[in-house]
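Reviewing the structure listed below.
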Amino acid sequence: MGGGKVISGCTVEGLKFQKGRVSSVQTNIGEISCDMVTLATGVAAQNGLLGCEWNLPMQNKKGLIVQTSPIPALINHILMTNDVHFKQNVDGTLTAGEIFSGDFDENIVALDLASDVLSRISRKLNLSAKLVPSNIKIGTRPVPIDGFPVVGEIEGHKGVFVAVMHSGVTLAPLIGQLLASEMLKASKSPLLGSFRPNRFVN
Ligand SMILES: Cc1cc2nc3c(=O)[nH]c(=O)nc-3n(C[C@H](O)[C@H](O)[C@H](O)COP(=O)(O)OP(=O)(O)OC[C@H]3O[C@@H](n4cnc5c(N)ncnc54)[C@H](O)[C@@H]3O)c2cc1C
C-alpha cells in the first residue's frame, strides 16, 4: 500500500480548500487533511459536497442482475446478445443482465423478468434443464448525462479529481492507471481528452 491507509464505512460530507487547493475531506468521523481527492462516488456523483459546488449531471439507470445456481461448465466467454448478456463463473453459476444500457421498467415484476431472462439464456444454450435463479438484484448504473465517462481534475477545484462512468468495471484498470499518472505526474493523458469534467458547465 506504500504507506496508504484504507478507511471504509464512513461518509464524505464535504471538502475544504485553502489557497485555491483542496486541503481536507470532511467525514462523519472527522476531518482528514489531504492535497488531492478523487471522487469515485458512482451514482452519488450527482449530489454535490459541502464546500464543493461541482456536481455531475447524470441519467442513472436501473438494471436487473440475475445469478443462477451452478450448472456444468459450458461457456468461457461473456456472451453479449440482442436480448440478454451473460457469463459463467468459475463456480458454474451464471450471471446475467437483461439489456446493456436501457432503463428498468418499474412496472415489471423483477422475478418475472428474471425468469424471462433465464428462459432466453436456456434457448440460446439449448439447455434441457431449467435454470434456477439464486439471486435477483436491481442495481443502478452511474451514467453521466451524455453517456460517456467523466475523468480528470475538476476545473476551479485544484486537487479534486473525478472518475465516474457506466463501464466502470471494464474500464477500471485503464482509468485507474491513467488517472493515477495524471495525479502524480501532473501530465494529461490524450486518451482522456474527450472525457473531461469541464465539458459540463456547473
Ligand atoms: C445493472 C448494472 C449493469 C452494469 N453493467 C455494466 C457493464 O456492462 N459494464 C461495466 O463495466 N460495468 C457495468 N456495471 C457497473 C456500473 O455501471 C459501474 O461501472 C460501476 O458500479 C462503477 O463503480 P464505481 O466504484 O465507480 O461506482 P459505484 O459502484 O457506484 O461505487 C461508488 C461508491 O462510492 C460510495 N459513496 C458515494 N458517495 C459517498 C460519500 N459521500 N461518502 C462515502 N462514500 C460514498 C458508495 O457508497 C459506493 O460504495 C453495471 C452495474 C449495474 C448495476
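Listed values, structure above:
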item: Filter result for Ile71 (over 26 Å from Arg199 (Cβ atoms), away from the ligand (no atom under 14 Å from the Cβ), touching a residue at least 60 places away in the same chain (Cβ under 8 Å) and not in a strand (DSSP E or B)); result: yes
item: Residue in the range 124-140 that is under 23 Å from Gly48 (Cα atoms), within 16 Å of the ligand (Cβ to nearest atom) and surrounded by 11 or more Cβ atoms within 10 Å (Cβ to Cβ) present; result: yes
item: Residue list for the range 161-201, restricted to those being closer than 20 Å to Gln46 by Cβ and away from the ligand (no atom under 13 Å from the Cβ); result: Phe195, Arg196, Pro197, Asn198, Arg199, Phe200, Val201
item: Residue match in the range 97-104 (condition: part of a loop (DSSP other than H, G, I, E, B) and in contact with a Lys or Arg (Cβ under 6 Å, 6 or more places away or on another chain)); result: yes
item: Count - residues of the range 141-160 that are more than 14 Å from the ligand (Cβ to nearest atom), within 20 Å of Leu49 (Cα to Cα) and of a type outside the set (Gly, Ala, Ser); result: 6
item: Filter result for the condition that a residue is modelled with pLDDT under 95, within 11 Å of the ligand (Cβ to nearest atom) and among the hydrophobic types (A, V, I, L, M, F, W, C), over Leu49, Leu56, Leu15; result: Leu49
item: Given (1) in contact with a Leu (Cβ under 8 Å, 6 or more places away or on another chain); (2) at pLDDT 95 or above; (3) within 26 Å of Phe86 (Cβ to Cβ), index of the condition Ile138 fails; result: (2)
item: Flag if Gly63 is within 26 Å of Ala180 (Cβ to Cβ), at pLDDT below 95 and out of contact with any His (no Cβ under 6 Å at 6 or more places or on another chain); result: no
item: Tally of residues being polar (S, T, N, Q), touching a Ser or Thr at 6+ places or on another chain (Cβ under 7 Å) and farther than 23 Å from Gly156 by Cβ across the range 1-26; result: 1
item: The range 100-121 residues that are of a type outside the set (Lys, Arg), paired with ones that are at pLDDT 95 or above and more than 16 Å from the ligand (Cβ to nearest atom) (beta carbon under 6 Å, 6 or more apart); result: Leu118/Leu131
item: Qualifying residue in the range 137-151 (condition: part of a loop (DSSP other than H, G, I, E, B) and over 19 Å from the mean Cα position of the chain (by Cα)); result: no
item: Residue count, the range 20-46 (criterion: free of Cβ contacts under 8 Å to residues at least 60 places away in the same chain, more than 10 Å from the ligand (Cβ to nearest atom) and in a loop (DSSP other than H, G, I, E, B)); result: 1
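The values are calculated or read from the model by the stated rules, or taken from the named source; none is laboratory data. These figures come from a predicted structure and were not determined experimentally. With ideal geometry, Cβ positions are generated from the backbone for all residues, glycine too; neighbour counts draw on all protein chains shown.
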